[in-house]
1. Taking the options Ala137, Ala126, Ala153, name whichever one is small (Gly, Ala, Ser), modelled with pLDDT of 95 or more and open to solvent by 10 Å² or more (accessible area, probe 1.4 Å).
2. Which condition does Asn103 not pass, out of (1) free of Cβ contacts under 8 Å to residues at least 60 places away in the same chain; (2) part of a helix (DSSP H, G or I); (3) closer than 22 Å to Leu117 by Cβ, if it passes all the others?
3. Can you work out which of the residues in region 162-178 that are assigned to a helix (DSSP H, G or I) and among the acidic types (Asp, Glu) is surrounded by the fewest Cβ atoms within 10 Å (Cβ to Cβ)?
4. Please tell me if Leu56 is touching a helix residue (DSSP H, G or I) at 6+ places or on another chain (Cβ under 7 Å) and open to solvent by 70 Å² or more (accessible area, probe 1.4 Å).
5. Residues Ala94, Ala137: which one is among the aliphatic types (A, V, I, L, M), touching a strand residue (DSSP E or B) at 6+ places or on another chain (Cβ under 7 Å), part of a helix (DSSP H, G or I) and touching a residue at least 12 places away in the same chain (Cβ under 8 Å)?
6. Output the qualifying pairs, or none if there are none: Cβ atoms under 6 angstrom, residues six or more apart or on different chains, first residue in region 33-47 and open to solvent by 20 Å² or more (accessible area, probe 1.4 Å), second residue at pLDDT below 80.
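The values are calculated or read from the model by the stated rules, or taken from the named source; none is laboratory data. Predicted, not measured: the structure shown is a model, and the values here were computed from it. Backbone-built Cβ (ideal geometry, glycine too); neighbour counts: all protein chains shown. Keep in mind that these areas ignore ligands, DNA and RNA; they rest on the heavy atoms of the full protein, side chains included. Shrake-Rupley method; radii C 1.70, N 1.55, O 1.52, S 1.80 Å.
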Amino acid sequence: VMGGVGGGMGGGGGGIGGGGSRFNYDLDEAAFELAQISEGYMDKLCSSLDDLINPLRVHLAPRLADILVIGVLGGASKRIEAAIRRTQFTALGALSLDSDIRNFINYSKDRVDSPELKSNVSLCKACKPLARLAQIALLMNVDDLDDVLDLIASSKRKGNWDLKLDDAKAFLNLRVDFEGRKVNELLRVQGED
């Protein structure tokens, strides 16, 4: 599904798919501004998903169509997460990721028929890989490492956090502005609590 899909966003970073577009969140200010005004990989991904889903969806009962959509969204979410794990992030790149994931969640809500799946909470409960993307975007957007423990604790109390500490460490270590040693110390301390 993600074959030729990416977003040309400038800066460094790793690519996903082929063609001239790149999955990139290693953004400086100029690249971030360009990313805000140009069609990125997420827009292209959503368009490709529509091309895949719509011909099938029209022949299915609404409940079955929702099952199809949730399954495809889950698969796409897993691919996005795998690509995120291979990408470096600046603070501006993390903001761009958050915007992209929000757009993907809104796209997802627009594609399901059931009113019960129209909220972020219910959609994320129905599609765990999508929930993970939302958690990853939230985690990657902390301004300061000291905020990580509060974020995780608060999200766990609300019942919407299932990233393991090793996952949180791996994602935070993708932020070029966070020192790996500090990330590992911070989350090691929390793991012992």
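1. Being small (Gly, Ala, Ser), modelled with pLDDT of 95 or more and open to solvent by 10 Å² or more (accessible area, probe 1.4 Å) holds for just one of Ala137, Ala126, Ala153, which is Ala126.
2. Here Asn103 clears every test but (1).
3. Let us first name the residues in region 162-178 that are assigned to a helix (DSSP H, G or I), namely 165-172.
Still in the running and among the acidic types (Asp, Glu): 166-167.
Working: Asp166: 10, Asp167: 16.
Step by step, filter region 162-178, then rank; the result is Asp166.
4. yes
5. Ala94
6. Once the first residue is open to solvent by 20 Å² or more (accessible area, probe 1.4 Å) and sits in region 33-47, its partners that are at pLDDT below 80 give Leu34/Gly10; Lys44/Val5.
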